[in-house]
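Engineer: Could you have a look at this structure, given as structure tokens, before my questions?
The values are calculated or read from the model by the stated rules, or taken from the named source; none is laboratory data. Nothing here was measured: the structure is a model prediction, and the numbers come from that model. Note: ideal-geometry Cβ built from the backbone for every residue, glycine included; neighbour counts use all protein chains shown. When the accessible area is computed, the model is the full protein with side chains, heavy atoms only, and any ligands, DNA or RNA have been set aside. Shrake-Rupley method; radii C 1.70, N 1.55, O 1.52, S 1.80 Å.
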Amino acid sequence: MSNEALRQELVELDKKYFIHPSSSLKDQQENGPAIIFDRAEGVHVWDVNGKKYIEGMSSLWNVNIGYGRKEIAEVAKEQIEKCAYVSSFTGFSNEPAIRLAAKVAELAPGDLNASFLTSGGSESNDSAYKLVRHYWKVKGKPEKTNIVARKKAYHGVASGSTSATGIEAFHEFTTSLAPGFIHIDPDDPDAFRKVIEEQGADSIAAFLTEPIQGAGGVNFPKEGYLQEIRKICDENDILFIADEVINGFGRTGKMFACEHYDIVPDVMILAKGISSGYVQLGAVVFRDFLHKELIELSPGVLSHGFTYSGHPTACAVGLKNLEIMENENMVENSKVMGDLLADKLKELQKESNIVGEVRHLGLLGALEIVKDQETGERFPEKVAPKIVAEARERGLILRNVVFWDKDTIVFAPPLCINEEEVNEFARILKEAVLEVQKSL
Ligand code: PMP
């Protein structure tokens, strides 16, 4: 069968049988799937027609070490042959899960040392909310249930995490949000103080935040914001939960984004880069005092656990992924290549008259599209989607964020990217920006 005949067959089957996540059902029926991927290597992916792209988003900000690592395939094969899956319920355990949890403790800041394992970011978020509420319950403060989250935050799509998310589209989608979430101005610590004043610290279990907001447009915290929040949490006996699902595992040029801000959260939520997308994996990491108190105060069965919590194959893959990340200095590479890419995008800002702010930390970044570079005024109609489409035509996959007044292009390429690939990334993006600029 020719590549095109195969593609045609797959398009028809896709339309008939495959409901895509976070996609337009109508577009799928009218245009078929946007790209049908076939293979991947390093920072590149190929579609079934053989067209090559740089994956400028590491797929969903998750393929941190890059694609096609044979060592991971070997470890998965070995583990599947040896013992693909066993339960971690009722105290059962397995070596890959034990070693992965120990590795996460070694890497995580401060005394974040004990992990509850999951299969992804939404499971990790919902687990964190339930476990901190359980903690307050067994500590004799069952009324501490509310979780204060920030507007523009993204935390997932399970019942709790979609309710914690601060992007309207996710709330409007459903009829029934979970109770117990309060969304505040994302930049102002006084907004948190006000909630505490109005609702009472006795009703608040935790403050929840991505150190750097990802899906909401790569929004950096204002100077001193996270440190101030940490202080307010300490003063009011409120737990600090950091969602490092995108930020974690080298994405920002440090192992965890919290390290840039010198804060240690009480609970850290992880997924994505923990396995670089080779398998489904996530974790919720607790500081020692929480772990210790839970051991003392909650001696019965922890009535929370997924079939795949501590999945041996997933954990073996996660471990190998972290070994590769460390052995090949990918966290440092994220910093160096991130700076290089940002320099090139700042040159583009000068060459074009529609690129506004360029911001980044490591290989997590964004550029704003503006009508007026001086004032930051936006175009009446969003332009970022046109640039993203143009870049895709030319072989670079990016994402746009057009919630609220945003007209933003975000990027997060694999941490293994090299100088030549950074140049290629910047060249394609420049061509796409200048092409769209001509048409405005
Ligand atoms: N938290 C953050 C910060 C995320 O970016 C995401 C996913 N993009 C999630 C949680 C949810 O993760 P998952 O899609 O693996 O459930």
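Engineer: Using 7 Å Cα-to-Cβ label points, what is the GLN29/VAL157 separation (nm, one decimal)?
Structural biologist: Once both label points are built, they end up 1.9 nm from each other.
Engineer: Further question on the same structure: In a Gaussian network model over the chain where Cα atoms closer than 10 Å are linked, find which of CYS83, CYS258, CYS315 has the largest mean-square fluctuation.
Structural biologist: CYS83
Engineer: I need the peptides 14-26, 352-364 ranked by packing, meaning the mean over residues of other C-beta atoms within 10 angstrom, with the highest value on top.
Structural biologist: The peptides rank, most packed first, as 352-364, 14-26.
Engineer: Still on this structure, I have one more. Using a 1.4 angstrom probe on heavy atoms only, work out the carbon and sulfur share of the accessible area of the chain in %.
Structural biologist: 51
Engineer: Assuming 0.36 nm per residue, please report the length gained on full extension of the stretch SER203 to GLU328 beyond their Cα-Cα distance.
Structural biologist: Length gained between SER203 and GLU328: 40.4 nm.
Engineer: Now, a different point. Using a 7 Å offset from the Cα along the Cα-to-Cβ direction at both LYS130 and TRP404, what is the distance between the two label points in nm, to one decimal?
Structural biologist: Result for the modelled spin labels: 3.1 nm.
Engineer: Taking the Cα centre of the chain as the origin and placing charges on Cβ (Lys, Arg +1; Asp, Glu -1), which of SER159, VAL63, ILE147 is farthest toward the positive end of the dipole?
Structural biologist: It is SER159.
Engineer: Separation of the range 352-374 and the range 132-194 by C-alpha centroid, Å?
Structural biologist: For the range 352-374 versus the range 132-194, the Cα centre distance is 30 Å.
Engineer: When DSSP assigns beta bridges and you keep just the ones with both residues in the chain, what percent turn out antiparallel, to the nearest 5?
Structural biologist: 65
Engineer: Please list 3J(HN,Hα) in residue order for the range 382-388, calculated via the Karplus relation 6.51 cos²θ - 1.76 cosθ + 1.60 where θ = phi - 60°; whole Hz, with x for glycine and proline.
Structural biologist: These are the phi-based 3J(HN,Hα) values: 5, 10, 3, x, 5, 5, 4 Hz.
Engineer: Report the percentage of all Cα-Cα pairs in the range 24-108 whose separation exceeds 17 Å, rounded to a whole percent.
Structural biologist: 69
Engineer: Place a point 7 Å from the Cα of PHE37 along the Cα-to-Cβ direction; which residues of the range 406-422 have their backbone N under 20 Å from it?
Structural biologist: Under 20 Å, as judged by backbone N against the label point of PHE37, lie 410-418, 421-422 of the range 406-422.
Engineer: Then there is this: In the range 3-93, if the dipole is taken from +1 on Lys/Arg beta carbons and -1 on Asp/Glu beta carbons about the Cα centre, which of ILE72, VAL45, GLN29 is farthest to the positive end?
Structural biologist: Of ILE72, VAL45, GLN29, it is ILE72.
Engineer: Oh, and also: Figure the gain on full extension for GLU4 and LYS292 (residue separation times 0.36 nm, minus the Cα-Cα span) and round it to one decimal in nm.
Structural biologist: Full extension of this stretch gives 97.8 nm more.
Engineer: At 0.36 nm per residue, and after removing the present C-alpha to C-alpha distance, how many nm does the segment from LYS70 to VAL11 gain when stretched out fully?
Structural biologist: Extra length available between LYS70 and VAL11 comes to 18.3 nm.
Engineer: Label GLU168 and ASP111 with points 7 Å out from Cα along Cα→Cβ: what is the distance between them in nm?
Structural biologist: That separation, rounded to one decimal, is 4.5 nm.
Engineer: Another question about this same structure. Enter the accessible area per residue of the chain (Å², integer; probe 1.4 Å; all protein chains in place).
Structural biologist: On a per-residue basis, the chain sits at 45 Å².
Engineer: While we're on this one: Suppose we keep just the DSSP beta bridges with both residues in the range 70-327; what percent of those would be antiparallel, to 5?
Structural biologist: Of those bridges, close to 45 percent are antiparallel.
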